[in-house]
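Structure record follows, encoded as structure tokens.
Values in this text are rule-based calculations from the coordinates and carry no lab data. What you are looking at is a predicted structure, and each value in this text was computed from that prediction instead of being measured. Here Cβ is always computed from backbone atoms with ideal geometry, including for glycine, and neighbour counts include all displayed protein chains.
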Amino acid sequence: MPDQQKLLLQMRGIHKRFPGVHAIKGIDIDLYEGEVLALMGENGAGKSTLIKMLGGAHQPTEGTIELKGKEITIENPQVSQDLGIGIIYQEFNLIPYLTVRENIFLGNPKSKNGVISKNEEHRHAQELFKKIGIEIDPEVLCCKLSTAEQQIVEIVKALSSEVRLLVMDEPSATLTPQEVEGLFKIIRDLKQQGIGVIYISHRLDEIFDIADRVTVLRDGEYIGTKGINKISRQEMIEMMVGRKVENEFPKHYHKIGAPVLEVNHIHSADVKDVSFTVHAGEVLGFTGLVGAGRTELMRLIFGADKKASGTIKLHGEELNVKSPRDAIARGIGLLTEDRKGQGLVLMHSVRENFGLPNLRLFSKNGVINGSEEKKRFARHIESMKIKIPHQEQLAKNLSGGNQQKVVLAKWLEQNCEVIIIDEPTRGIDVGAKYEIYMLINQLAEKGKAIIMVSSELPEVIGMSDRIVVMRSGEISAIVEDAQNTTQEILLDHAIH
Amino acid sequence: MRQKLSSLFSDYGMVLVLALLFVVFSLTTLKEQTAEGYGAGQQLAEKALNSGATELVLVVGTSSEDRLVKEGLEESLQGKGVRVHLIAIIEPPKAKKALQELASTVPVNTLIACSKKTGNWTFYNRVDHFKDSEVLIPKNETVSSFLKASNLKTLPDKTAKTAIIAIGMTMIIITAGIDLSVGSLVALATVVSTMTLQIVFGNSSSPVLIGLSFLAGISAAGFCGFINGTLSTFFRIPPFIVTLAMMLIARGLALNLTGNRTIKVGLPDISWLGQMPNPIILMILLYGLAYFVMHKTIFGRQIYAIGGNAEAARLSGVPVKRLLISVYTISGIVAGIAGIVMASELNSGSGEFGQTWELNVIAAVVVGGTSLMGGQGKIIGTLIGCTIIEVINNGMNLMAISSNTQQIVLGCVILAAIIVDKIKKK
């Protein structure tokens with residue numbers, strides 16, 4: 001197929017050296033018009049750096065970039081935009097208290113003599129939304145939009161100027177399966193118009209769905225490029241990880257114990273009459289669309305938000321949890337979905353993060369025993385194989401997988417009986433995912449009751465004993481036999 | 001060892017700045033001191049003060065030059081509690097006689113100060129009564145007025161009060177908050193403590209009652225801090241606004257209580273706390289305590305966590321609201337302590353005290369390397385920051401730089417401190 005198509009982007013022998021780090025080591029990339037190229041690789045493989053070069057945030061130390069056969073230098077983001085390169089970064093860059101229209105035209109407002117022409121912008125924005133077949137009022141404030149809608153605004157923003165090449169960095173990370181389907185429809189339309197798309201995602205299912213070819217990077221090096229029909233899921237993982245991978249979901253099934261946590265008729269603004277039980281040694285999966293109330297439910301159990309009514313029992317005894325402090329004291333731990341925003345104090349050391357909920361365990365009269373803290377943390381570093389140069393490493397400098405392990409260490413030191421993990425592998429690369437799954441197995445074997453909230457259906461099916469499906473704040477189904485269910489069955493419960 | 005040194009510099013790079021400032025001011029305030037005229041008198045006075053004398057005999061001639069020496073000495077010693085016995089005679093024998101006559105009225109070996117001319121006379125130590133007297137003779141010499149002991153001694157005195165307040169401010173800024181009310185709380189504490197002593201305890205000189213009135217001043221300020229903390233946590237009002245309001249309320253209250261007058265405490269008893277080196281000792285004790293609390297206790301660790309990420313801290317079981325209230329209360333209490341030090345120093349209380357101190361204190365904390373974004377900062381850095389600002393003020397005063405220009409320089413110093421901090425983080 002590429003033979004008949006025109007080459008849009010050609011990157012040759014790209015190197016990037018930062019002080020002390022050789023981040024990109026000779027990468028070649030070809031992108032044809034009307035093609036979706038998936039860029040794959042674990043965290044730290046160099047994908048982001050590569051994209052930032054296209055966006056003008058970084059310049060290559062070595063190598064050439066050609067756009068439509070013409071060599072270009074992208075000195076800054078403005079040049080990138082003028083060349084017709086649109087980039088949608090992983091983190092949204094929308095300003096919450098500006099309207100959709102104002103956000104779309106923030107960089108290049110339509111104006112006459114310095115006065116913004118609102119009507120012109122409004123008309124243009126509506127046209128763009130029509131073109132991709134989605135209706136969003138351009139005059140609505142961005143903070144009122146759902147995550148999926150914000151994602152669409154980002155796309156429209158990128159398309160508002162003449163775009164020939166669109167880069168999307170994990171656009172689906174916060175989207176539900178349904179919304180991802182909508183996104184793919186847009187991407188297929190863009191292909192029709194001859195726009196070249198570079199698509200980055202950790203979700204392999206999506207890659208096989210949308211991409212034409214795959215380029216795999218590892219540790220800043222170019223590993224290879226394959227047509228999507230010529231590669232299997234297994235092969236792709238192996239190219240990324242650099243070794244043989246036996247099993248994506250290494251679930252251990254074993255005997256489930258007595259009930260530990262019983263939730264009865266719990267109610268709040270976002271959660272309606274939810275009841276369920278978790279047993280010792282059980283992994284109870286929670287899935288559903290974004291906004292189904294899963295995270296909100298977990299926050300109620302953990303005391304982070306106030307519940308309106310309902311009871312929570314631990315070992316048959318009713319709990320009166322008013323704050324996370326109470327929940328922790330009773331042996332409940334929560335690993336939040338937003339690890340950076342809520343799970344860690346990024347600017348502090350991993351040791352301090354580990355210590356935060358556990359200070360009382362190694363202090364006397366309020367005075368911390370620093371060496372005891374180090375000793376205890378060292379045990380977890382050892383047993384969980386946390387990769388850090390030293391305990392004073394700042395949390396922000398860790399990879400997603402290691403960050404997740406540090407958060408887990410916090411709750412293991414507390415000896416929590418109930419561990420709630422919200423999106424255990426979000427933003428974590430393939431190799432580290434496997435380790436996180438193994439840790440979940442170990443915890444279950446030790447008899448912990450585990451609640452695992454996840455939007456990734458293969459993960460929920462692959463790692464749970466039972467699965468609870470939520471829909472608009474309610475439980476729509478409890479699947480007793482997770483081993484023999486399918487994504488279609490779960491989706492069906494989640495949607496209807 | 002080397003690693004320790006380098007980490008000391010990266011943590012407290014401000015120490016280097018401070019050292020540099022000492023060198024700069026030592027050099028820029030170098031002055032030629034003459035052995036004649038008014039300057040000679042000043043020089044003698046300085047030396048006399050350094051020797052700790054309470055009485056001295058000044059022997060000068062009758063020339064106009066020597067009269068200037070006398071004026072310089074007397075004016076420099078004014079109010080310093082040194083008695084001067086003057087002998088102004090041109091002929092040595094008569095002068096010797098006058099000295100012998102003085103023997104009956106001054107203590108043995110009283111210090112003798114001369115002008116350049118009378119310094120050539122040799123009979124002083126031959127008079128029995130002055131056999132071992134020290135004889136001061138003015139000399140031509142180059143001295144740095146910054147490095148003079150008399151100047152250096154005033155430095156910590158001025159630093160102590162702002163440094164004490166800065167302890168609370170550092171804690172608050174580490175939680176990503178701010179406290180604009182501290183200057184007003186200083187005034188309130190001086191007023192409440194002096195009025196309590198006067199009105200409630202009838203100007204008693206009992207140390208217990210003085211202590212209680214001090215406690216009343218500290219409690220008043222601490223209570224205001226408690227209100228700051230409570231309002232900003234329970235109603236989620238930004239601390240900037242709450243403490244701005246408290247700044248106005250406390251100042252107005254202090255002025256109203258006194259009816260715009262200064263409350264003078266007649267008895268000298270309360271001046272004990274304000275006398276050197278007591279404020280310094282108090283400051284050092286408080287810094288020691290604050291260092292321990294911030295770096296070794298659960299309380300301190302949790303305060304850093306709140307500033308770093310309040311939500312993550314709450315989800316880790318940190319009682320965020322309770323801690324924030326404590327921190328604002330502590331800030332009120334230390335402002336109150338600075339207030340009673342001030343009341344003691346000046347033997348008075350007034351609603352006018354402590355104006356704009358909050359700004360100096362915030363500046364010192366920032367210069368000391370604490371991030372206004374919260375989560376990062378060091379208590380010792382703040383102490384260094386306070387010293388830096390005081391040294392700059394003092395040095396500029398000695399260089400006779402106008403107060404307008406001093407403000408410009410201080411503004412630039414604050415900006416420089418923040419820029420350096422930003423660069424360091426990159």
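Odds and ends about this structure:
- Hz values of 3J(HN,Hα) by residue in the range A:116-128 - Karplus curve (6.51, -1.76, 1.60), Gly and Pro given as x: 5, 8, 5, 4, 4, 5, 4, 4, 4, 4, 4, 4, 4
- Angle in degrees between helix A:147-159 and the longest Cα principal axis of chain A, rounded to the nearest 10: 20
- Normalised contact order of chain A, rounded percent, pairs of Cα under 8 Å and 6 or more residues apart: 15
- Percentage relative contact order, the range B:34-143, counting C-alpha pairs under 8 Å, at least six apart: 34
- Helix B:403-425 vs. chain B, principal-axis angle (Cα, 0 to 90°, nearest 10): 50
- Scaled radius of gyration (Cα, divided by 2.2 N^0.38 Å) that chain B gives: 1.20
- Selected from B:79, B:381, B:339 as most flexible by GNM, with chain B as the system and alpha-carbon contacts under 10 Å: B:79
- Looking at the range B:245-309, the trypsin sites (Lys or Arg not before Pro) that sit in a DSSP loop and have at most 15 other Cβ atoms within 10 Å of their own Cβ are B:261.
- Pairwise centroid distance, computed over Cα atoms, of the range B:81-102 with the range A:27-69, Å: 95
- Choice from B:167, B:340, B:112 showing the highest fluctuation, given a GNM over chain B with Cα pairs closer than 10 Å: B:112
- Across B:272, B:121, B:357, mean-square fluctuation computed from a Gaussian network of chain B (C-alpha pairs under 10 Å connected) peaks at B:121.
- The tail of the calculated P(r) for the protein assembly as shown beyond 55 Å holds 33 percent of all Cα-Cα pairs.
- Computed from Cα positions, the angle between helix B:207-234 and the longest principal axis of chain B comes to roughly 40 degrees.
- Share of pairwise Cα-Cα distances greater than 36 Å in chain A is 37 percent (whole percent).
- In nm, spacing of pseudo-spin labels at residue B:120 and residue A:474 (7 Å Cα→C-beta vector): 11.5
- In percent, rounded to a whole number, the relative contact order of the range B:149-425 is 36, using alpha-carbon pairs under 8 Å and six or more apart.
- Proxy reagent accessibility, fewest Cβ within 10 Å first, across A:422, B:128, A:270: B:128, A:270, A:422
- Calculated FRET efficiency for the pair residue B:150/residue B:55, C-beta based, R₀ 25 Å, to 0.05: 0.85
- Per the Cα gyration tensor, the range B:100-249 maps to an equivalent ellipsoid with semi-axes of 55, 24, 10 Å, ordered largest to smallest.
- Treating each Cα of the range A:43-130 as an identical point scatterer and summing with the Debye formula, the log10 of I(q)/I(0) at q = 0.12, 0.24, 0.26 Å⁻¹ comes to -0.51, -1.20, -1.29.
- A:30, B:132 arranged by Cβ crowding within 10 Å, fewest neighbours leading: B:132, A:30
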